[in-house]
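Asker: Below you'll find the structure I mean.
Every number here is computed from the coordinates shown, using simple stated rules; none is lab data. Small disclaimer: the values here were computed from a predicted structure and weren't measured. Heads up, the Cβs are rebuilt from the backbone with ideal geometry, glycines too, and the neighbour counts pull from every protein chain shown.
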Amino acid sequence: MTESSEREAVIRLSGITKTYPMGAEEVRALQGVDLSIHPNEFVAVMGSSGSGKSTLLNILGLLDTPSAGEYYLEGSNVAELSPSAQARVRGRKIGFVFQTFELLPRQTALRNVELPLVYSRTRKRRQVARQALERVGLSDRLTHRPNQMSGGQRQRVAIARALAQQPSLLLADEPTGNLDSRTGEDILRLFAELHSEGQTIVIVTHEPDVAAQCRRVVRLRDGLVESDELRPQAAETAQ
């Protein structure tokens, strides 16, 4: 990879390690990960339990800090920022979609999408939230609360919430894990649409069917990148 392409990366990880104390010993969850992800890539991160994929996701999302190494997000080494500065970057540039949706149960879909915008001081929050929900096909569910919606609809609200701040990076943690197969396929089609519109997406999953929808698959094993593959159709497009 050329120096210019490295500068253009949304994500560039260099020598990322993460250790956790375990009694008198230390567990190394990541053991020197090097990884670059560029604008409009659609990447699946796979690995068995204990491979380090959840730790990697937390570091990418600035929910955890590496023990060593460099993490450049759009050219800035965010690993060196203070926790408060990381929180500001996270709010402006990173959108999260969780397996368990993480919606406020007493709030409507519109409020669930609108409330996080308060912290980023987004103007016209109600309008932005409404447009995000319309984008994911929920214009008729604006006033519904989570218990009045299906699992697929709740996940769409979560995606709308992530998209509302127009993030540089969209991170999804097992986004179809709590959905039936048909609903999961609908959510994956929505991710594919977002990718076609230019969104950079990283999905952490253990499901081969989910990874098969992504253009690139990164596999972790024992805290290291075991393989990094571009799917054939993606390779043909890039030529």
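Asker: Dipole magnitude of the chain about its Cα centre, charges +1 at Lys/Arg Cβ and -1 at Asp/Glu Cβ only, in debye to the nearest 20?
Answerer: The calculated dipole for the chain is roughly 1440 debye.
Asker: Which of rounded, prolate or oblate describes segment 162-239 when judged by the alpha-carbon gyration tensor and an a/c cut-off of 1.5? Don't skip to the end; give the middle numbers.
Answerer: Values: a/c = 1.38, a/b = 1.15, b/c = 1.21.
It is rounded, given that a/c, with a ≥ b ≥ c, falls under 1.5.
Asker: Restricting to DSSP H runs of at least four residues, report the calculated mean residue ellipticity at 222 nm for the chain, -39500 (n - 2.57) per run over all residues, nearest 500 deg cm²/dmol. Don't skip to the end; give the middle numbers.
Answerer: Details: 9 runs with 87 residues, N = 239.
Rounded to the nearest 500, it is -10500 deg cm²/dmol.
Asker: Bin width 10 Å, origin at 0, all Cα-Cα pairs of segment 1-77: what percent of pairs per bin?
Answerer: It works out to 18, 50, 26, 6, 1, in whole percents.
Asker: If each residue's Cβ is checked for other Cβ atoms within 10 Å, how do 124, 18, 93 rank with the fewest at the top?
Answerer: So the ranking, lowest neighbour count to highest, is 124, 93, 18.
Asker: Students often get this wrong, so try it: which of (i) 8, 31, 36, 21, 5, 0; (ii) 7, 24, 21, 9, 10, 14, 11, 4, 0; (iii) 9, 36, 40, 14, 1 is P(r) over Cα pairs in 10 Å bins from 0, in percent as calculated from the structure shown?
Answerer: Label of the calculated value: (i).
Asker: Report the extension gain between residue 185 and residue 139 in nm, rounded to one decimal, defined as 0.36 nm multiplied by the number of residues separating them, less their alpha carbon distance.
Answerer: 14.5 nm
Asker: Right, another one. Can you find, among 33, 149, 85, the residue farthest towards the positive end of the dipole of segment 1-154? Put +1 on the C-beta of Lys and Arg, -1 on that of Asp and Glu.
Answerer: It is 149, whose Cα lies furthest towards the positive end.
Asker: Can you check what the net charge comes to around residue 215, using other residues whose Cβ is under 9 Å from the Cβ of residue 215 (Lys, Arg +1; Asp, Glu -1)?
Answerer: So the surrounding residues net to +1.
Asker: Give the residue list of GluC sites (Glu not before Pro) in segment 176-222 that are DSSP loop and have at most 10 other beta-carbon atoms within 10 angstrom. Before the final figure, lay out the partial values.
Answerer: Numbers: sites: 185, 193, 197; in loops: 197.
Answer by residue number: 197.
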